[in-house]
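Accompanying notes for the structure given below.
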Amino acid sequence: MRALNRIRGFGKAFRSSRRHRGDLFGWLGRRPQIGAATGVYETALLFSNALEPKLKELAELKAAGLVSCEFCLDIGSALAHDSGVSEQQIRDLPRYRDSSAYSELEKLVIGYAEAMTLTPAVGDDLTQLREELSRHLSRRQIAELAMTVAWENQRARLNQALGVRPMGMSDGQACALPET
């Protein structure tokens, strides 16, 4: 059921887009085998349902904000709304540690995404966060979270490099902002 809800969310987000619709697909269409591989990985993550979608969306938004991918923040904010992320949570992402809008687990997930996205993504921070997450999540869920954040980093950096612009999917809603 989670996958179906996420598919509906993607469809709703793309239908609501108002501008720059051809940016992403125009680039991926130039290398069909890479576009197909991207679709396979996106589908695999979509059907990976060990982790609550809200946690995935928070992690993806944090990574997208740190990479400053406006397209990812646009679609991510729209999908986050559909997954139950509140407007306050979206606005508080840059200062999540001090916000009362998040649970302890949500703060750990966002911190893990942040540690994975910062360069270099090594050291005691990741080890400590992974150990803390293991008190709340299974190894399967942590693996899914790590794969989700790593893919969002790939997505966001690719979109930035190609100049993919936001499409207006989150217009009229709170939208996460790039972080410095």
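For the chain, set up a GNM with springs between Cα atoms under 10 Å and report which of 94, 32, 166 has the largest fluctuation.
Per the Cα network of the chain with a 10 Å cutoff, 32 tops the list.
What is the distance in Å between the Cα centres of segment 1-29 and segment 67-114?
Each part reduced to its Cα centre gives a spacing of 20 Å.
Based solely on its DSSP helices, what 222 nm [θ] is calculated for the chain when runs of n ≥ 4 H residues each add -39,500 (n - 2.57) and the sum is averaged over all residues, nearest 500 deg cm²/dmol?
Computed mean residue ellipticity for the chain: -21000 deg cm²/dmol.
For segment 33-99, which chymotrypsin sites (Phe, Trp or Tyr not before Pro) are both in a DSSP coil and crowded by at most 13 other Cβ atoms within 10 Å? If you can, show how the numbers build up before the last one.
Values: sites: 41, 47, 71, 96; in loops: 47.
Answer in residue order: 47.
Relative contact order, percent, of segment 18-123 when contacts are C-alpha pairs under 8 Å separated by at least 6 residues? Write down the numbers at each step before the final one.
Numbers: 62 pairs, mean separation 27.7, N = 106.
Relative CO of segment 18-123 lands at 26 percent.
Give me a comma-separated list of calculated 3J(HN,Hα) values for segment 23-34, in order, Karplus coefficients 6.51, -1.76, 1.60 applied at θ = phi - 60°, integers in Hz, x for any Gly or Pro.
3J(HN,Hα) across segment 23-34, in whole Hz: 3, 5, 5, x, 6, 5, x, 6, 9, x, 5, 6.
Take every Cα pair under 8 Å in the chain that's 6+ residues apart, average their separations, divide by the length, and report that relative contact order as a whole percent. Numbers along the way, then the final one.
Working: 226 pairs, mean separation 71.2, N = 180.
Contact order relative to length: 40 percent.
What list of ³J(HN,Hα) couplings, whole Hz, do you get for segment 97-103 from phi and the Karplus terms 6.51, -1.76, 1.60, once you set θ to phi - 60° and write x for glycine and proline?
Going residue by residue, I get 4, 9, 8, 8, 6, 10, 7 Hz, with x marking Gly and Pro.
Give the accessible surface of segment 48-180 per residue, rounded to a whole number of Å², with probe radius 1.4 Å and ligands, DNA and RNA excluded. The partial results should precede the final answer.
Numbers: 6010 Å² over 133 residues.
It amounts to 45 Å² per residue over segment 48-180.
Go through segment 103-180 and name the trypsin sites (Lys or Arg not before Pro) that are in a DSSP coil and have 16 or fewer other Cβ atoms within 10 Å of their Cβ. Intermediate values should be presented prior to the final figure.
Details: sites: 107, 130, 135, 139, 140, 155, 157; in loops: 135.
Answer by residue number: 135.
Kindly express, to the nearest 10 degrees and within the range 0 to 90, the angle between helix 2-16's C-alpha long axis and the longest C-alpha principal axis of the chain.
Orientation of helix 2-16: about 50 degrees from the principal axis.
One quarter of the convex hull surface, Cα atoms only: what value does that give for segment 1-90 in nm²? Write out the running numbers ahead of the final one.
Working: hull surface 24.5 nm².
Averaging across all directions leaves 6.1 nm² for the Cα convex hull.
The values are calculated or read from the model by the stated rules, or taken from the named source; none is laboratory data. The model shown is predicted, which means the values in this text are computed figures rather than measured ones. A quick note on method: Cβ atoms are made from the backbone with ideal geometry, for glycine too, and the neighbour counts reach across all protein chains shown. The protein model used for the area step is the full one, side chains on, heavy atoms only, and it has no ligands, DNA or RNA in it. Shrake-Rupley method; radii C 1.70, N 1.55, O 1.52, S 1.80 Å.
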